[in-house]
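All of the numbers you see were taken from the coordinates with simple rules; none came from a lab. Just so it is clear, the model here is predicted, and its values are computed rather than measured. All Cβ positions, even for glycine, are placed from backbone atoms using ideal geometry, and neighbour counts span all protein chains on display.
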Amino acid sequence: MAEHHHRNIHGGGARAAVFGISDGLVSNVALVLGVAGAHSSGAAVRLAGLAGLIGGACSMAAGEYVSMRAQSELLERELDVERRAIRRDPEDERRELASIYVTRGVEPDMADELATRMMSDPDLALATHAREELGIDPDQLGNPIQAAGLSFLLFAVGALLPLVPWFVAAGTGAILASVAIAAMSSFGVGVALSIFTGRSLWWSAGRQLLIAGFAAGVTFGVGHLIGGVTG
């Protein structure tokens, strides 16, 4: 029989990486082109892009850390409640576990025996109740520091890509280069998402291109209009 394997998607690292680089790319290409559309100097575009990179990366990391820390603390609290219940009234918890197995189609006698075996080891009992009652794995509550670090790093990478041309050029050439880099990078992010999610490569890449293109087009147009009015 052929084996199949599942990715570990509960730790938060993969999610943080995908959203980090995607958000960095989309938000900063929009910011860079919005400022460039206002007929700003190359120095102004670089300053805005760097500010967007640093501010966005810090905000992304802080938000990811706070959300995952809160989630972990909530799950840890629920585990503590379950741990105390197992210690205080193990027989009641054993019957509860057996009842869960029965509702899932296990014969009563077998369910009772299985629950008794699970409850014989406190650590196994806690892990089993956590999975069966709470739908969580005590060993996979997420790593807020890892998620925050990945968010910061990959947001910064994504945000840097459309800004690179402005370190060596300015004007129309830099704008076109930013657009080209952003388009290729968006396509790459879409391909990575398709591998991760199993969705169609062209659908994922096309969606990512459309999102980045829409954001950049809107901000460039607004910048161009404002620049024309104030100029």
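Quick notes
- Length-normalised contact order of the chain in % [C-alpha pairs under 8 Å, at least 6 apart]: 41 percent
- Whether the stretch 51-176 is rounded, prolate or oblate, judged on the alpha carbon gyration tensor where a/c under 1.5 counts as rounded: prolate
- Principal-axis tilt of helix 144-160 within the chain, Cα atoms, nearest 10 degrees: 20 degrees
- Taking θ as phi - 60° and the Karplus parameters 6.51, -1.76 and 1.60, the scalar couplings of the stretch 208-221 work out to 5, 4, 5, 5, 5, x, 5, 4, 5, x, 5, 5, 5, x Hz in sequence order, x denoting glycine and proline.
- In the chain, the longest principal axis of the Cα atoms and the axis of helix 171-197 are about 20 degrees apart.
- ³J(HN,Hα), Karplus 6.51/-1.76/1.60, whole Hz, each residue of the stretch 81-98, x for Gly, Pro: 4, 5, 4, 5, 5, 5, 6, 7, 9, x, 5, 5, 5, 5, 5, 5, 5, 4
- Here the simple spin-label model places points 7 Å from the Cα toward Cβ, and for Arg199 and Asp139 these points are separated by 3.2 nm.
- Most mobile of Gly52, Gly105, Gly63 in a GNM of the chain (Cα contacts under 10 Å): Gly105
- Tensor-based shape of the stretch 79-134 (alpha-carbon gyration tensor, a/c under 1.5 rounded, otherwise prolate or oblate): prolate
- Over the residues of the chain, the helix contribution to mean residue ellipticity at 222 nm works out to -27500 deg cm²/dmol, using -39500 (n - 2.57) for each DSSP H run of at least 4.
- Highest-fluctuation residue, Arg207, Arg46, Arg87 considered, GNM on the chain with Cα pairs under 10 Å: Arg87
- Here the residues Trp203, Trp166, ranked from fewest to most Cβ neighbours within 10 Å of their Cβ, fall in the order Trp203, Trp166.
- Exposure proxy for Phe220, Phe167: other Cβ atoms within 10 Å of each Cβ, ordered fewest to most, give Phe167, Phe220.
- Under a Gaussian network description of the chain, with springs only between Cα atoms under 10 Å, the residue in Gly198, Gly49, Gly171 that fluctuates furthest is Gly198.
- Among His129, His39, a tally of other beta-carbon atoms within 10 Å of each Cβ gives an order, fewest to most, of His39, His129.
- The stretch 79-134: relative contact order in percent, alpha carbon pairs under 8 Å with at least 6 residues between: 42 percent
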